[in-house]
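Let me begin by presenting the structure, written as structure tokens, before commenting on it.
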Amino acid sequence: QEQLVESGGGLVQPGGSLRLSCAARGTIFRIDTMAWFRQAPGKQREVVASITSDGRTSYAGSVKGRFTISRDNAKNTLYLQMNGLKPEDTAVYYCNAGAPKYSWGQGTQVTVSS
């Protein structure tokens, strides 16, 4: 069974940075488009960024230019570098396939507040 473990979240001030990691157990990761999702309280879950197996990326308009998604297939790890964080980025962040097909992990909380 595939397991996804997100880490790297925390409390930061507006304008700060965080680097999220998603460790995946299994080999399907290497051929799937992977993505970061986030869900704020009372809001719909949304896709933040995605990356294909060969490195093509796509971003939600709200984060484009501030976030960078990357992957290390050899390590079965997905990353999200988050710069210029804003309060509206506050959410629980999850990773999964671009079209989610794995069990959701615990997520990692990102809180941006002054």
Distance histogram in 5 Å bins (all Cα pairs of the stretch 1-67, percent per bin):
3, 13, 19, 27, 22, 10, 4, 1
Relative to the Cα centre, what is the charge dipole magnitude of the stretch 55-114, using +1 at the beta carbon of each Lys and Arg, -1 at the beta carbon of each Asp and Glu, and rounding to the nearest 20 debye?
200
Comparing 87, 41, 14 in a Gaussian network model of the chain (Cα, 10 Å), the one with the largest mean-square fluctuation is 41
Whole-Hz ³J(HN,Hα) from phi, Karplus 6.51 cos²θ - 1.76 cosθ + 1.60, for the stretch 10-19, glycine and proline x:
x, 9, 9, 7, x, x, x, 10, 9, 10
Can you list the trypsin sites (Lys or Arg not before Pro) in the stretch 1-76 that are in a DSSP coil and have 16 or fewer other beta carbons within 10 angstrom?
43, 45, 56, 64, 66
In whole Å and largest first, what semi-axes does the C-alpha gyration tensor of the chain yield when each eigenvalue is scaled by 5 and square-rooted?
22, 14, 12
Reachable aspartates and glutamates, given that their alpha-carbon falls under 18 Å from the alpha-carbon of residue 86 and they are not under 8 places away in the same chain:
46
Once the in-chain neighbours fewer than 8 apart are removed, the lysines whose Cα is under 27 Å from residue 101 read 43, 64, 75
Gap in Å between the Cα centre of the stretch 95-112 and the Cα centre of the stretch 15-74?
9
Taking protein heavy atoms only, a 1.4 Å probe, and rounding to whole percent, the accessible area of the chain owed to carbon and sulfur comes out at 47
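The values are calculated or read from the model by the stated rules, or taken from the named source; none is laboratory data. Everything numeric in this text was worked out from a predicted model, so none of it was measured. Positions of Cβ are backbone-derived with ideal geometry, glycine not excepted, and every protein chain shown enters the neighbour counts. Note: areas computed on protein heavy atoms with side chains; ligands, DNA, RNA excluded. Shrake-Rupley method; radii C 1.70, N 1.55, O 1.52, S 1.80 Å.
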